[in-house]
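The values are calculated or read from the model by the stated rules, or taken from the named source; none is laboratory data. Here the structure is a predicted model, which is why all the values come from computation and not from measurement. Cβ coordinates were reconstructed from backbone atoms using ideal geometry, including for glycine residues, and neighbour counts include every protein chain displayed.
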Ligand SMILES: N=C(N)NC/C=C/[C@H]1O[C@@H](n2cnc3c(N)ncnc32)[C@H](O)[C@@H]1O
């Protein structure tokens, strides 16, 4: 999907390298530490960066205190504009200063490649078709807004499978120029009207009864198109109207990832009979210091029963809630295995328009048909052997990036606690993972 500014997991670095003189950076925005080894600061603070331990997490000092800070919250005090960490060098004024990166974002969605990827995702597209089909009766005479309609497939489902009064198909990318043709070619021009532009900037003929959108990104929120959906809800959805999806959950599970670990880390043990283990710390930083968005988790690699860590009600959620979302979890390890990391995915629900009728759901997890989102794998600093019976508990924090508005930092704080039958003291390990 949309090219990611350097998403990475901050790693624990045991040996700090202080050979380079510290560099002074300025805080772009307030940052509140969410772990014992992070350093809080305020916008305008001048920090001394001693070590750029990874692409997104640096070891810095402020007022005599040291700790990890997110590089995306900092800029150097230089005359010309400072390009953010992870965004490629770009001459156009627009890209380096547009916090929504809309030129790049809508540019990518204007390609058939991405539209084909979403349309080819059978589980995704068929779920939306089923939602329309099973609600065709109550959809009669209603006004529908399809936000981010792309090729207009959902709008065409509405017009072909139900008898709505009108469908407003809203699309900001250049694909909208073709959507008009598709609407006419499928004989739906009486019902479906295409509006090309950002939903936030458009004038619609009036309020709508249903706001349907396929807005979800990796880890549910990446891309933050959800903000556009909430803004459109507040502006166009009538009182008592329906949001589709009506609800969304972010799911998490501790897991094994032996194939990935072996492929990227084990490989250096003895390639062609040679000892390349000296490269393993680089491999850790290069491969495991960013979420793996294209992971396909096998059910047998789940070490516990997955759980919903964050749940959103699309009728009551506010844009301001998106700045910081927090969830808790407690997993009971159900089998012996190697704890390589956590895998996350999402589920979205579509409440029926008719009271006490079935709510439909799109589940992008390992026990359902794979989707183009696949799942997201967060690797640990190093694998941990588990016997089964342990408890893995902790919290997950999603902090929206204050500068790059389509990005977020995901921090997972967790501990393993296992008490022997003999009542030994609690053995606990505390690790901190941060994803930018
Ligand atoms: N990532 C997945 N799977 N789905 C995301 C789906 C994104 C689609 O919605 C459009 N879109 C996103 N935000 C807006 C907006 N504010 N106004 C109008 N159109 C918009 C994009 O151009 C894509 O075609």
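If we scan segment 139-156, do we find a residue that is assigned to a helix (DSSP H, G or I), more than 30 Å from the chain's Cα centre (by Cα), away from the ligand (no atom under 11 Å from the Cβ) and surrounded by fewer than 17 Cβ atoms within 10 Å (Cβ to Cβ)? Within segment 139-156, not a single residue is assigned to a helix (DSSP H, G or I), more than 30 Å from the chain's Cα centre (by Cα), away from the ligand (no atom under 11 Å from the Cβ) and surrounded by fewer than 17 Cβ atoms within 10 Å (Cβ to Cβ).
Answer yes or no: is there a residue in segment 193-205 that is surrounded by fewer than 18 Cβ atoms within 10 Å (Cβ to Cβ) and away from the ligand (no atom under 16 Å from the Cβ). Checked segment 193-205: at least one residue is surrounded by fewer than 18 Cβ atoms within 10 Å (Cβ to Cβ) and away from the ligand (no atom under 16 Å from the Cβ).
Against the conditions (1) more than 16 Å from the ligand (Cβ to nearest atom); (2) in a loop (DSSP other than H, G, I, E, B); (3) under 30 Å from residue 101 (Cα atoms), residue 275 satisfies every one except (3). Screening the candidates 128, 168 for the property of being outside any strand (DSSP E or B), within 29 Å of the chain's Cα centre (by Cα) and more than 8 Å from the ligand (Cβ to nearest atom) yields one hit, 128.
Just one of (1) surrounded by 22 or more Cβ atoms within 10 Å (Cβ to Cβ); (2) within 19 Å of residue 359 (Cβ to Cβ); (3) near the ligand (Cβ under 10 Å from one of its atoms) fails for residue 135. It is (3). Condition (residue is under 16 Å from the mean Cα position of the chain (by Cα) and farther than 24 Å from residue 246 by Cβ) applied to segment 318-333: is it met by at least one residue? Taking every residue of segment 318-333 in turn, none turns out to be under 16 Å from the mean Cα position of the chain (by Cα) and farther than 24 Å from residue 246 by Cβ. Applying the set (1) more than 24 Å from residue 125 (Cβ to Cβ); (2) at pLDDT 95 or above; (3) within 20 Å of the chain's Cα centre (by Cα) to residue 247 leaves exactly one unmet item: (1). Restricting 237, 252, 211, 282 to residues that are away from the ligand (no atom under 16 Å from the Cβ) and over 16 Å from residue 364 (Cβ atoms) narrows the list to 282.
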